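The values are calculated or read from the model by the stated rules, or taken from the named source; none is laboratory data. Since the model is a prediction, treat every value here as computed from it, not as a measurement. Because the Cβ atoms are built from the backbone with ideal geometry, glycine has one as well, and the counts that use them run over all protein chains shown. What goes into the accessible areas is simple: the full protein's heavy atoms, side chains included, and nothing from ligands, DNA or RNA. Shrake-Rupley method; radii C 1.70, N 1.55, O 1.52, S 1.80 Å.
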Amino acid sequence: MYDIIIIGSGIIGSMLAYDLSRFNVSVCVLEKNVEIMNEVSSSNSGLVHAGYDPEDGTLKAQLNLIGAKRYPQIAKDLNVDYKQVGSLLVSNSMDEHEALLKYAQRATQRKIDVKYIQQDEIRRMEPNISDSVLEALFFPTTAIITPWQMGFACMNYAVLNGVKLFRQTKVIGIDKNENYTVHTTQGVFESKCVINCTGLNGVDVAKYQDPNSEHQLEFRKGEYQVSDIRDESYLNHVIYPMPSKLGKGVLALKTIEGNLMFGPTSYVIDNRYDFSTTVNGLNEVDSKISQIIKPLAKNRMIRQFAGVRPGSITKDFIIENKDGFINVIGIDSPGLASAPGISEYVIESFLKKDFELESKMNLVDFKWKKHLSSNERNELIKDDSRYGRIVCVCETISEKEIMNAIHLPVGARSIKGVKRITRPGSGRCQGGFCESEVVRILARELNVDMKDIPYDNDVFLTPLGGHDETR
Amino acid sequence: MRHVKCVVIGGGSAGLAAAIQLKKYNIDCLLLEKEDVLGGILNQCIHNGFGLTRFKEELTGPSYAERLVSEFHDLGIEFELDSTVIKLNSDKSIEYINPKGVHKIQAESIVLALGARERTRGNIMIPGDRSVGVWTAGSAQKYLNIDGYCVGKRVFILGSGDIGLIMARRMTIAKAKVVGVAEIMPYSNGLTRNLVQCLYDYDIPLYLSTTITRINGNGRVQSIELSRVDENLKPISGTEFNIEVDTVLLSVGLIPDNIITENAGIEMDPRTKGPKINQYYETSIPGIFACGNGLHIHDVVDFVSEEGDMVAKSVERYLNQLGKSDLSIPVNSDSNFIYVLPQTIDKSQAVKLKFRVKRPLKNVKLVIRTKDEIIMTLPKTQLLPAELEMITLPLPLIDKIQDEVRLEIIA
């Protein structure tokens, strides 16, 4: 019996677990995948938007601002990467001048730092900006994070401080008597309160509690392209085109690690698990990106991917408390930026009314291990030589760092998990050199055969999970 | 800071040969290898066909490596394993990491024998699902020959490069069904002997002018969509067909692995994707030399090692300050060539030119000219992109060279 069950461990579930782990309530998190932060939360732009574009009066506008305000402190407490790189909202034609002024005015009303800048200054700030860009708004507070790093750090902190996480535990039904009974593939869980933050499945899970729920989601796919880190100096800020009814548009940014990332497209899809890239989508990214920056050579691209955003047809987040069953659904953009705001909102508006939340004493610190500098590495090698055995040459990651990723409180159980936590396979060889070594280390540390190490849920090295007649 | 006469970066077929030869010139060198064994990629190439030129017999990859490694050890050459170079500086200092620490050493000369990496799905942008079961041919080779896991049951191979062909045979022997090989070009990109011994002998179909236009399968690969391509290599709409497979191996080209070279500010050639070199295989930074697959992609390992031998000689010249002329005459080519090496020559001695053509050519003449004068004409019954060509320009001809050397193909 728990006080609160959180269903889903994307950025919303992870942030709620983080916030709630500091109160005297018992919390468990149910996640259907082998790794947390695995669906919507892992495939997006990784941006903490300044918060000027959501419409007035929406939860999106309100919670994006709170999220943006909370992130720097959370990042500091957990030692995760958070970089205020600033952004340029650029206009390409005089037709967009009006819209530019609208956003400047809205930003000012919301007390968001903003500065109007003209061609010369734009080009000084961004030498590779497209020639067609005429004017821009500069938002110095726009920040970049690595989404899964943020989520992993939050969940690790939460688990260290008493939250129970159950992975590969899919919810298949919910009953309400005095308490909630949550039926899963791994047995039954009970709680006084349930928080549904299941992303792509938000409405389905909401219907377990209320079959008459009328919420509707619309799934939008967004395709991205990612470049090699060697082009790090190509871009300094996040570059946004003028937003349209489809969303923020195809933007250009540099990730924390230094990869350039272009995207996303935005179109409605039927299958919510369609994470596929398409010729048309990738071409659209190319053509749209060329309107805001000078194109980068094609052979610099190392990866393409697609994310799916579950948006409500009301165009706003849905956050509601129905008899101790809290729905947090329709969290599309700016969901990542708003996550700390959403968590705070859920706690302040609902949970503080249902529970006497008191801050816990003796909280255990959790610090994310950032990428090592040469000096730090040299010091660590003195205690453990495996910090000096580099497994991933592209990203300079050692055997010991991979072992650390596996032995976190919420440790990696898959190739994908190791990749998210510590990056082998994210570089220019895309795992070509190091993947088998990563699998070997996972197998050794988890004491299983290499063939039983999943890449992702139930997908293994060999199609039959390791049937091999040559061995 | 430790000072070394010569540092060889990379302990594969090029680096080992260079180090061995350096020792024979009595030059102290230190070889840095990122893996925990010497030999490089040869260790996973358990098929035969290596060494016919160098050792006059047919060896497997590991045996070829073993020959070099035992000679290397017999000579007592210093080396460090598990040593990854993270930074090469233009002053020839080198930073590397190994289990003993993070080190910085000063080299008087450097041999880059960096090897190559394989093009990935992301590099060639194959659209489709985020499926598991798509590997480069070399990764699958490593899983099978080093770790003992055959990663597929029904396999399709994209690209008819040599590793792809070798893996078609290897996976078949490991009881996988290799359903086919697709090549986007209208001709194969592998050596003829590999086509015969790895595909034809096993009845594996080769689809020319065909490419994968979509990979399907949430979770494991379930099928692929293939399309015919037109003369501009664009997929032709309406020609799509699907094949059910669980694994896709990519053999779509190798790229010289030169990140430390680029970061050092060494001038690169976008055609070879390796550094630009003069006829001593010296890069734009004097005293830094390059050889092997890190310089340009070879098809025969014997020539990789030969480049290592040659570079050692250049290092010896450099360290003994044997003069070279200040001339730097560009070597150019017409549009029939992918590239010609070296990029510049200095007229001081005979030079071996190495080149690849862009498409198969039959019964043509290879012409080497300088300004308006043709200095050499060679009839060629066949030139293939898959085969690295070499010709030596002897000294008497070198003397005739004026501002430029230019390779052309005429009918």
Considering only helices (runs of 4 or more DSSP H) wholly within the stretch A:69-165, the ones with at least 1 residues that are closer than 25 Å to A:Asn404 by Cα and over 19 Å from the mean Cα position of the chain (by Cα) are A:147-160
In the stretch A:451-471, what count of residues is obtained for those that are at pLDDT 90 or above, within 7 Å of chain B (Cβ to nearest Cβ) and surrounded by fewer than 20 Cβ atoms within 10 Å (Cβ to Cβ)? 0
Filter the stretch A:382-403 for residues that are open to solvent by less than 10 Å² (accessible area, probe 1.4 Å) and within 19 Å of B:Leu32 (Cα to Cα); the one that is nearest to the other protein chains (Cβ to nearest Cβ) is A:Gly388
Residue hits (the stretch B:296-315; in contact with an Asp or Glu (Cβ under 7 Å, 6 or more places away or on another chain) and surrounded by 19 or more Cβ atoms within 10 Å (Cβ to Cβ)) are B:Ser314
Here the residues within the stretch A:305-318 that are open to solvent by 20 Å² or more (accessible area, probe 1.4 Å) and within 14 Å of chain B (Cβ to nearest Cβ) are A:Phe305
Only unsatisfied item for A:Gln168, checking (1) part of a loop (DSSP other than H, G, I, E, B); (2) open to solvent by less than 20 Å² (accessible area, probe 1.4 Å); (3) among the polar types (S, T, N, Q), is (2)
By residue number, the members of the stretch A:380-422 that are more than 20 Å from B:Ile86 (Cβ to Cβ) and assigned to a loop (DSSP other than H, G, I, E, B) are A:His407, A:Leu408, A:Pro409, A:Val410, A:Gly411, A:Ala412, A:Arg413, A:Ser414
Inside the stretch A:258-285, can you point out the residues that are open to solvent by less than 50 Å² (accessible area, probe 1.4 Å) and more than 10 Å from every other protein chain (Cβ to nearest Cβ)? A:Gly258, A:Asn259, A:Leu260, A:Met261, A:Phe262, A:Gly263, A:Pro264, A:Thr265, A:Ser266, A:Ile269, A:Val285
Single condition B:Ile157 does not satisfy, out of (1) closer than 26 Å to B:Arg356 by Cα; (2) open to solvent by 10 Å² or more (accessible area, probe 1.4 Å); (3) in a strand (DSSP E or B): (2)
Can you tell me how many residues within the stretch A:349-405 are among the aliphatic types (A, V, I, L, M) and under 18 Å from A:Val163 (Cβ atoms)? 5
Inspect the stretch A:365-373 for any residue being without any contact (Cβ under 8 Å) to a residue 40 or more places away in the chain and over 29 Å from the mean Cα position of the chain (by Cα) and give the result as yes or no. no
Residues of the stretch B:237-271 being within 27 Å of B:Val134 (Cβ to Cβ) and away from chain A (no Cβ under 13 Å), which ones? B:Gly238, B:Thr239, B:Phe241, B:Asn242, B:Ile243
Might you check whether a residue that is among the polar types (S, T, N, Q), assigned to a helix (DSSP H, G or I), at pLDDT 95 or above and more than 30 Å from A:Gln186 (Cβ to Cβ) occurs anywhere in the stretch A:59-67? yes
Looking at (1) assigned by TED's automatic domain parsing to the domain that holds B:Ser63; (2) open to solvent by less than 60 Å² (accessible area, probe 1.4 Å), which is the only condition B:Asn263 fails? (2)
Considering each of B:Lys362, B:Lys400 in turn, give the residue that is in contact with a strand residue (DSSP E or B) (Cβ under 9 Å, 6 or more places away or on another chain), among the basic types (Lys, Arg) and either in a loop (DSSP other than H, G, I, E, B) or in the same structural domain as B:Pro186 (by TED's automatic domain parsing) (or both). B:Lys400
Inspect the stretch A:367-378 for any residue being touching a Phe, Trp or Tyr at 6+ places or on another chain (Cβ under 7 Å), closer than 22 Å to A:Ile5 by Cβ, open to solvent by less than 50 Å² (accessible area, probe 1.4 Å) and not β-branched (Val, Ile, Thr) and give the result as yes or no. no
Under the condition of being buried (at least 23 other Cβ atoms within 10 Å of the Cβ) and part of a loop (DSSP other than H, G, I, E, B), which residue from the stretch B:97-119 is farthest from the other protein chains (Cβ to nearest Cβ)? B:Ala113
Please specify each residue of the stretch B:1-19 satisfying the condition of being surrounded by fewer than 24 Cβ atoms within 10 Å (Cβ to Cβ) and not in a strand (DSSP E or B). B:Met1
How many residues does the stretch A:20-38 contain that are acidic (Asp, Glu) and open to solvent by 10 Å² or more (accessible area, probe 1.4 Å)? 1
So is A:Leu165 of a type in the set (A, V, I, L, M, F, W, C) and not assigned by TED's automatic domain parsing to the domain that holds A:Ile6 or not? no
Farther than 19 Å from A:Ala153 by Cβ, within 12 Å of chain B (Cβ to nearest Cβ) and in contact with a helix residue (DSSP H, G or I) (Cβ under 7 Å, 6 or more places away or on another chain): is that true of A:Glu379 in this structure? no
Residue set A:Ser41, A:Ser45; condition open to solvent by 10 Å² or more (accessible area, probe 1.4 Å), at pLDDT 95 or above and in a loop (DSSP other than H, G, I, E, B); output residue A:Ser45
Determine if the stretch B:46-59 includes at least one residue that is buried (at least 24 other Cβ atoms within 10 Å of the Cβ) and assigned by TED's automatic domain parsing to the domain that holds B:Ala107. yes
Is one or more of the residues making up the stretch B:68-76 away from chain A (no Cβ under 14 Å), on the phi > 0 side of the Ramachandran plot and open to solvent by 20 Å² or more (accessible area, probe 1.4 Å)? yes
What residue, among those in the stretch B:183-220 that are farther than 23 Å from A:Val279 by Cα and out of contact with any helix residue (DSSP H, G or I) (no Cβ under 9 Å at 6 or more places or on another chain), is farthest from the other protein chains (Cβ to nearest Cβ)? B:Thr192
What number of residues within the stretch B:126-145 are closer than 18 Å to A:Ile302 by Cα, more than 7 Å from chain A (Cβ to nearest Cβ) and of a type in the set (A, V, I, L, M, F, W, C)? 4
Go through the residues of the stretch A:423-441 one by one and say whether even a single one is surrounded by fewer than 19 Cβ atoms within 10 Å (Cβ to Cβ), within 12 Å of chain B (Cβ to nearest Cβ) and either touching a residue at least 60 places away in the same chain (Cβ under 8 Å) or part of a loop (DSSP other than H, G, I, E, B) (or both). no
Given (1) within 14 Å of chain B (Cβ to nearest Cβ); (2) of a type outside the set (Ser, Thr, Tyr); (3) buried (at least 23 other Cβ atoms within 10 Å of the Cβ), index of the condition A:Arg230 fails: (3)
